Amino acid sequence: MEDKKPLKLVIKCYDPVEYGTLYGFNQKISDKMLEKASKYMTKFTPALFKNVMEIQGDPHGWMCTKENASKVEEALGITETLDKIAKERSLQREYYDEHRKEKEDAQLKIEAAFADAPRPPQKLSTLLKVAEVVYDPANSFRDNNHYGGGHLFIVTKSMIWYIMNNGREENNWNINNIEIDGAGGAIGFKLPYSKKLHELIKTLTSSNEYKIDTYEEEI
């Protein structure tokens with residue numbers, strides 16, 4: 001076969017009346033391969049369905065039921081099996097759910113830490129210049145700064161700043177203590193540096209950095 005993608009079964013259509021989910025190949029196969037698999041498959045046409053109006057997907061072509069899928073995979077030596085793909089997706093969901101909870105816990109702890117933190121006046125440009133590292137969760141500041149939104153965590157040698165952009169037209173600019181050039185400004189909370197807080201921020205932001213120049217000065 002010319003196609004370099006691994007051969008596998010994919011959902012072609014769903015029949016809620018009789019056959020359930022039906023699977024076909026993700027690419028064309030040779031007549032020789034089809035001959036090996038055909039005893040576990042049916043060449044469907046709309047006429048074979050009791051109620052074709054209920055069909056979701058394409059009711060045409062060689063397909064097999066869920067029950068026969070493993071037989072087709074075995075006959076053709078398919079390694080990307082439906083069972084393998086399902087297990088991989090399950091692991092991905094478990095990983096996502098585990099890390100989502102980890103991020104949610106980190107968010108709560110960070111908010112608690114900064115809840116009563118001081119908010120001294122400062123310029124964002126100055127903070128960015130002296131930063132050791134700046135984290136931009138989900139690129140929120142990069143993508144939304146132009147519209148007055150987004151968050152940053154700015155880590156210097158001795159301080160950590162939590163910057164909440166507050167520059168949208170509907171925002172109350174009077175409460176801003178962070179000056180942003182050409183924008184409405186932001187609310188900035190300042191705490192002494194701690195490794196524990198830094199680790200929480202890295203967890204929340206997936207260590208996604210906001211790239212800026214750094215200098216030797218310290219805030």
query = Pick from the range 159-182 the residues that are β-branched (Val, Ile, Thr) and over 11 Å from residue 124 (Cβ atoms): which of them is least open to solvent (accessible area, probe 1.4 Å)?
reply = 160
key: Leading residue by the ranking (least open to solvent (accessible area, probe 1.4 Å)) among those in the range 122-136 that are among the β-branched types (Val, Ile, Thr) and closer than 12 Å to residue 152 by Cα   = 134
key: Conditions (1) open to solvent by 40 Å² or more (accessible area, probe 1.4 Å); (2) over 23 Å from the mean Cα position of the chain (by Cα); (3) polar (S, T, N, Q); number of the one not met by residue 156   = (1)
task = State all residues of the range 58-110 that are open to solvent by less than 90 Å² (accessible area, probe 1.4 Å), touching a Phe, Trp or Tyr at 6+ places or on another chain (Cβ under 8 Å) and either more than 28 Å from residue 44 (Cβ to Cβ) or part of a helix (DSSP H, G or I) (or both); if no residue qualifies, say none.
result = 68, 69, 72, 75, 82, 110
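One residue is enough: does the range 188-202 have a residue meeting the conditions among the small types (Gly, Ala, Ser), open to solvent by 40 Å² or more (accessible area, probe 1.4 Å) and modelled with pLDDT under 95?
no
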task = Would you point out the residue of the range 19-57, among those that are of a type in the set (S, T, N, Q), assigned to a strand (DSSP E or B) and touching a residue at least 24 places away in the same chain (Cβ under 8 Å), that is most open to solvent (accessible area, probe 1.4 Å)?
result = 56
inquiry  = Within the range 163-174, does at least one residue satisfy the condition of being closer than 20 Å to residue 105 by Cβ and out of contact with any strand residue (DSSP E or B) (no Cβ under 6 Å at 6 or more places or on another chain)?
reply    = no
query = Conditions: (1) in contact (Cβ under 8 Å) with a residue 24 or more places away in the chain; (2) within 25 Å of residue 34 (Cβ to Cβ). Residue 103 meets all but one. Number of the miss?
reply = (2)
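The values are calculated or read from the model by the stated rules, or taken from the named source; none is laboratory data. Owing to the predicted nature of the structure, the values given are computational and were not obtained by experimental measurement. Note that we place each Cβ from the backbone using ideal geometry, even for glycine, and neighbour counts take in every protein chain shown. Ligands, DNA and RNA are excluded from the accessible area calculation, which covers all protein heavy atoms including side chains. Shrake-Rupley method; radii C 1.70, N 1.55, O 1.52, S 1.80 Å.
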